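Following: one structure in structure tokens, then a few remarks.
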Amino acid sequence: MISHSARIMGSSFAFSMITLAAGVALAGGGGGGPVTKDSIGVFNSTSDTFFLRNTNSAGATDLKVSFGPADSVPVPGDFDGNASDTVGVYSPSLGRFFFRNANSEGPANLTVNFGPAPNDPNARVPLIGDWDGVGSDTVGLYERASGRFLLRNANTNGVATVTTRFGPKGDANIVPLSGNWNGGDTIDGIGLYDPDAGTFYLRNDPSTSGGADLTIRFGPRNSTLIPIVGNWNDDDVDTIGLYNPADGTFILRNTNSVGAADATFRYGSAGLTPVRGNWNGD
């Protein structure tokens, strides 16, 4: 059997990039344009409520925002290019993204139909990122059956701008990611986290074929930890992290390299979904 790492790094796996002619993260996206310092938060899928904190430490909630329909998956990001991240969700039953340009309760400023409706969010995982470097985050889906990222460069209804093959086909455990891994430009790259191997695979260019630019072992193998990435120390680079849904512990590292966590703290209760962003625009 070919290992996940071999397939993702390209040593035993054929990659392709297809531009679509017709018209699919968890903790992805979160800041188009130059990377600004991120802090953590959690999302309660039962109440469709975000609990956001402005520092990467244990403590009280700074912002509480209920937003989105009943089946929402959280996808916060910078949707208007102002270097501040705000609440956003994806509805699998509708195949629709709902974005708000303020961290306050109210209607969506943008709704985007993208991909099939209804959609199985475990088959096609929603994520957002600044795929073309214009300064705002736009929609995307990761299709697990084909190992493809389906990315659109505008928050308007339509088909994928590019489809990029990265990673193994049919792996139900692989988690897609997005972020600025090299800090050298404003484009968000793509990534994968393999919980079986406890390994992150990060690629700097979201629009071309190829293997991982960075492969990082972080955390235990065969775990239920959830990956989360962000600019934890304000150095213009998104770096790796993990969240333990059993006890609400964040485990963050300030570089994309093997090593111990730089910050470990608890926030929120068990069973929540981690999110990250620059909630206050600092």
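Tally time: how many residues in the range 60-80 are among the hydrophobic types (A, V, I, L, M, F, W, C), within 23 Å of W131 (Cβ to Cβ) and in a strand (DSSP E or B)?
Residues flagged as among the hydrophobic types (A, V, I, L, M, F, W, C), within 23 Å of W131 (Cβ to Cβ) and in a strand (DSSP E or B) within the range 60-80 amount to 1.
Return yes when V139 is buried (at least 22 other Cβ atoms within 10 Å of the Cβ) and farther than 12 Å from P206 by Cβ and no when it is not.
Yes: the conditions hold for V139.
For the range 81-102, name all the residues that are assigned to a loop (DSSP other than H, G, I, E, B), aliphatic (A, V, I, L, M) and crowded, with 24+ Cβ neighbours inside 10 Å.
Residue satisfying the conditions is V87 alone.
Considering the range 261-282 alone, what residues qualify as being surrounded by 17 or more Cβ atoms within 10 Å (Cβ to Cβ), among the aliphatic types (A, V, I, L, M) and not in a strand (DSSP E or B)?
A261, L272
Can you find, within the range 227-244, the residue that is farthest from D282 (Cα to Cα) among those that are in contact with a Leu (Cβ under 7 Å, 6 or more places away or on another chain) and either in a strand (DSSP E or B) or not β-branched (V, I, T) (or both)?
Only one residue tops the list, namely N244.
Scanning for something outside any loop (DSSP other than H, G, I, E, B), at pLDDT 95 or above and within 27 Å of N222 (Cα to Cα), does the range 167-176 turn up at least one residue?
Within the range 167-176 (the criterion being outside any loop (DSSP other than H, G, I, E, B), at pLDDT 95 or above and within 27 Å of N222 (Cα to Cα)), the answer is yes, since at least one residue qualifies.
All but one of (1) touching a Lys or Arg at 6+ places or on another chain (Cβ under 6 Å); (2) under 21 Å from V75 (Cβ atoms) hold for T199; which doesn't?
(2)
Which of the residues belonging to the range 226-260 are surrounded by fewer than 21 Cβ atoms within 10 Å (Cβ to Cβ) and either within 14 Å of I40 (Cα to Cα) or under 18 Å from the mean Cα position of the chain (by Cα) (or both)?
Once the filter is applied, which keeps residues that are surrounded by fewer than 21 Cβ atoms within 10 Å (Cβ to Cβ) and either within 14 Å of I40 (Cα to Cα) or under 18 Å from the mean Cα position of the chain (by Cα) (or both), the range 226-260 yields I226, N233, D234, D236, V237, N244, P245, G248, T249, I251, N254, T255.
Out of the residues in the range 42-59 that are part of a loop (DSSP other than H, G, I, E, B) and in contact with a Phe, Trp or Tyr (Cβ under 8 Å, 6 or more places away or on another chain), which is nearest to W232 (Cα to Cα)?
N56
The values are calculated or read from the model by the stated rules, or taken from the named source; none is laboratory data. Computed from a predicted structure; not experimentally measured. Neighbour counts are summed over all protein chains in view; Cβ atoms, including those assigned to glycine, are modelled from backbone coordinates with ideal geometry.
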